[in-house]
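Take a look at the structure below.
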Amino acid sequence: MPKRMYNLIMNKKLQSMFQSLLKHELVSGSAFIFTGALIGNFLAFILNLFYARKLSYADYAIFASLASVITLAAIPAGSISTVIVKFATKFFVEKQDDKLKNFYILFFKFMMYLSLFMIVFFIVFSGSLRSYLHIENIWYVIVLGFVISSFYLNTLNMAFLQSMLKFKFIAILDIIGSIFKLTAGVALVLLGYKVFGGLGALFAMAFGSYLVAYFPLLKIFKSANSDKKIALNINEILFYAAPTFLAILFMTSFTSTDIILVKHFFSPQMAGFYSGLSLIGRVIFYFTGVIPTVMFPLLIKRHAAKKNFNNLFYLALFLVLIPSVSITLFYFVFPNFAINLFLGGRGYLSVSGYLGLFGIYLTVFSLVNVCVNFFLSFNKTNVSAFVVLAAVLQVVLIYIFHANFYQVIFSSLAALSILLIILLYLFFRNYGSSRPLSLKS
């Protein structure tokens with residue numbers, strides 16, 4: 001065969017493979033959310049750059065630690081979201097609008113009660129949290145409770161949109177929410193509210209997104225018969241929800257606990273430097289976090305149709321690994337450029353040597369996130385035990401080794417690496433072939 005003809009055939013095959021890849025539901029769904037997240041994260045980084053330059057090191061450290069507390073306190077909402085997606089996806093695939101509507105009402109009431117509990121909790125324990133985080137103004141902690149309550153309401157609607165596979169609308173919502181946050185954050189900080197401005201921006205984002213997210217749900221709710229009652233298997237939901245909550249709680253702690261512990265062990269200025277370092281490192285997760293979000297309902301849908309799911313998992317790992325490694329290499333080669341770009345240089349340049357290592361840490365975390373979501377999508381909730389043990393190991397290691405940032409990052413990286421090895425071993429041992437997966441735990 002002439003070389004020219006061979007090259008032509010190979011080019012056509014490559015084009016065909018590329019077109020098939022673009023049409024893959026994981027890629028197309030991720031592309032929508034990634035585009036929305038990319039624009040949203042760009043606006044978020046503009047806002048964080050604004051915070052880093054307009055707030056003092058101490059104020060920025062306070063805001064970063066409060067943001068980490070928000071992440072931890074909102075974890076019950078995140079785990080409930082996973083439960084909602086798990087069961088609501090089934091109703092959506094089977095076109096059971098009546099069940100979807102009643103299911104929504106039940107969880108709306110539950111989220112309202114949980115939101116009120118969080119507000120009361122942060123009011124009651126505001127003094128203790130203020131003391132632990134070395135924060136002088138107790139009102140920061142009290143306002144925190146109201147911010148978290150808005151995240152609960154927003155999570156409810158976002159979970160239903162995810163279960164309905166409305167990835168394009170979720171992307172639009174990311175952009176709208178980020179615009180709310182950017183506008184409110186800049187305005188409030190310029191008006192002199194400092195840390196309160198950052199908290200107010202988060203509230204504007206969450207509550208604004210909640211209101212907009214309700215519109216695509218109206219069509220289904222209007223077509224549903226409101227008189228029908230939904231029969232839920234409460235035990236099934238609880239048996240899934242409890243370990244799922246633990247898995248998500250301790251997964252989130254991997255990227256939040258280190259900031260809180262650094263705030264506790266280090267000076268306010270050094271804590272601010274670490275918070276900036278963490279902010280840049282999380283770019284990796286911003287690029288890859290959408291993959292497991294799209295993968296989760298697609299796995300449930302694919303298993304319901306008795307289709308092969310392994311290739312979906314492999315593709316998810318690949319889509320996470322490529323950008324993660326690329327960004328990490330960039331951090332190793334151009335750390336000062338990255339810090340100047342995102343944090344405006346200044347004293348933050350003193351931690352540039354840690355940026356590449358932090359990139360490796362976030363790469364491993366992103367891969368672990370894909371694995372955990374895979375197991376949870378198929379009711380393999382016993383994986384939560386390994387997540388809990390690894391997260392506890394991270395805390396123990398940081399408590400023992402915190403003489404410098406190298407020790408803190410290596411402690412987190414060691415715990416996550418062990419967890420990744422265990423999860424991949426479990427996958428290849430049990431599901432490495434293309435045979436169907438049994439849902440029996």
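Return only the number of the condition from (1) crowded, with 22+ Cβ neighbours inside 10 Å; (2) at pLDDT below 85 that SER178 does not satisfy.
(2)
Taking the conditions exactly as written (farther than 20 Å from LEU100 by Cβ and surrounded by fewer than 18 Cβ atoms within 10 Å (Cβ to Cβ)), does ALA206 satisfy them or not? Lay out the reasoning, then the answer.
Values: farther than 20 Å from LEU100 by Cβ: yes; surrounded by fewer than 18 Cβ atoms within 10 Å (Cβ to Cβ): no.
It is false that ALA206 is farther than 20 Å from LEU100 by Cβ and surrounded by fewer than 18 Cβ atoms within 10 Å (Cβ to Cβ).
Answer yes or no as to whether LEU129 is assigned to a helix (DSSP H, G or I), at pLDDT 85 or above, more than 25 Å from THR293 (Cβ to Cβ) and in the same structural domain as LEU202 (by TED's automatic domain parsing). Give the steps one after another, and end with the answer.
Numbers: assigned to a helix (DSSP H, G or I): yes; at pLDDT 85 or above: no; more than 25 Å from THR293 (Cβ to Cβ): yes; in the same structural domain as LEU202 (by TED's automatic domain parsing): yes.
Criteria not met by LEU129.
Scanning region 240-256 for residues that are at pLDDT below 85 and either under 18 Å from ILE398 (Cα atoms) or in the same structural domain as SER128 (by TED's automatic domain parsing) (or both), which turns out surrounded by the most Cβ atoms within 10 Å (Cβ to Cβ)?
SER253
Return the residue satisfying two criteria in turn: it lies in region 297-316 and is crowded, with 19+ Cβ neighbours inside 10 Å and modelled with pLDDT of 85 or more, and of such residues it is nearest to LEU424 (Cα to Cα).
PHE313
Is it fair to say LYS86 is of a type in the set (Lys, Arg), within 20 Å of the chain's Cα centre (by Cα) and either at pLDDT 75 or above or surrounded by 20 or more Cβ atoms within 10 Å (Cβ to Cβ) (or both)? Full working, then the answer.
Numbers: of a type in the set (Lys, Arg): yes; within 20 Å of the chain's Cα centre (by Cα): yes; either at pLDDT 75 or above or surrounded by 20 or more Cβ atoms within 10 Å (Cβ to Cβ) (or both): yes.
Taking the combined requirement at face value, the residue satisfies it.
Quick one: is TYR361 more than 30 Å from GLU236 (Cα to Cα), hydroxyl-bearing (Ser, Thr, Tyr) and at pLDDT 90 or above? I'd like the intermediate steps shown before the answer.
Working: more than 30 Å from GLU236 (Cα to Cα): yes; hydroxyl-bearing (Ser, Thr, Tyr): yes; at pLDDT 90 or above: yes.
Against the criterion (more than 30 Å from GLU236 (Cα to Cα), hydroxyl-bearing (Ser, Thr, Tyr) and at pLDDT 90 or above), TYR361 qualifies.
Can you spot a residue in region 166-174 that is surrounded by fewer than 20 Cβ atoms within 10 Å (Cβ to Cβ), assigned by TED's automatic domain parsing to the domain that holds ILE142, farther than 30 Å from HIS402 by Cβ and at pLDDT 85 or above?
Yes, region 166-174 contains a residue that is surrounded by fewer than 20 Cβ atoms within 10 Å (Cβ to Cβ), assigned by TED's automatic domain parsing to the domain that holds ILE142, farther than 30 Å from HIS402 by Cβ and at pLDDT 85 or above.
Assess whether PHE103 counts as being within 23 Å of the chain's Cα centre (by Cα) and either in the same structural domain as SER81 (by TED's automatic domain parsing) or surrounded by fewer than 22 Cβ atoms within 10 Å (Cβ to Cβ) (or both). Please lay out each step first, then the result.
Numbers: within 23 Å of the chain's Cα centre (by Cα): no; either in the same structural domain as SER81 (by TED's automatic domain parsing) or surrounded by fewer than 22 Cβ atoms within 10 Å (Cβ to Cβ) (or both): yes.
Taking the combined requirement at face value, the residue does not satisfy it.
Tell me yes or no: at least one residue of region 100-123 is at pLDDT below 85, outside any helix (DSSP H, G or I) and among the hydrophobic types (A, V, I, L, M, F, W, C).
no
From the set of residues in region 27-50 that are polar (S, T, N, Q) and modelled with pLDDT under 75, which is surrounded by the fewest Cβ atoms within 10 Å (Cβ to Cβ)?
Looking only at region 27-50, we keep the residues that are polar (S, T, N, Q), and these are 28, 30, 35, 41, 48.
Now drop any that are not modelled with pLDDT under 75, which leaves 28, 30, 41.
Details: SER28: 14, SER30: 24, ASN41: 20.
Step by step, filter region 27-50, then rank; the result is SER28.
Just to check your reading of the model, which residue among LEU238, LEU279 is among the hydrophobic types (A, V, I, L, M, F, W, C) and in contact (Cβ under 8 Å) with a residue 60 or more places away in the chain?
Among LEU238, LEU279, only LEU279 is among the hydrophobic types (A, V, I, L, M, F, W, C) and in contact (Cβ under 8 Å) with a residue 60 or more places away in the chain.
The values are calculated or read from the model by the stated rules, or taken from the named source; none is laboratory data. Source: prediction; values computed, not measured. Every residue, glycine among them, receives a Cβ derived from its backbone with ideal geometry; neighbour counts consider all protein chains shown.
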